[in-house]
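Asks: Got a structure for you, questions after.
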Amino acid sequence: MLNSISKVCEIVTQPVPVRPPKPLYSNVSPAVASPCSGVCRLDEQKVCLGCFRHVEDIREWRSADDDRRRVICAQATQRKQVDGA
């Protein structure tokens, strides 16, 4: 009986493994960096004046894969060239 109690105590006293914190966003990819410049102001067409992404592209960014992110960045670059910023 004493042997069973010591086994239970041994199990209870084992440290609980520490899990790393979950990332804030589920699809954070270092391959395609966010174009966000921290300005975060929208014009009348709902395009950010800092990064030139449309508000829908900004919302989609967290769940977009790398290919989609590249498309979003290319579209933002085109907007920036057209708007002359």
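We did not get these values from a lab; they are worked out from the coordinates using the rules stated. All of these numbers come straight from a predicted model, not from anything done at the bench. Quick reminder, even Gly has a Cβ in these numbers, built from the backbone with ideal geometry, and neighbours come from all protein chains shown.
Asks: Taking the mean number of other Cβ atoms within 10 Å as a proxy for protection, how do you rank 31-43, 68-80 from highest to lowest?
Replies: Final packing ranking: 68-80, 31-43.
Asks: ³J(HN,Hα) across the range 42-47 via Karplus (A = 6.51, B = -1.76, C = 1.60, θ = phi - 60°), whole Hz, x for Gly/Pro?
Replies: 9, 8, 5, 8, 6, 10
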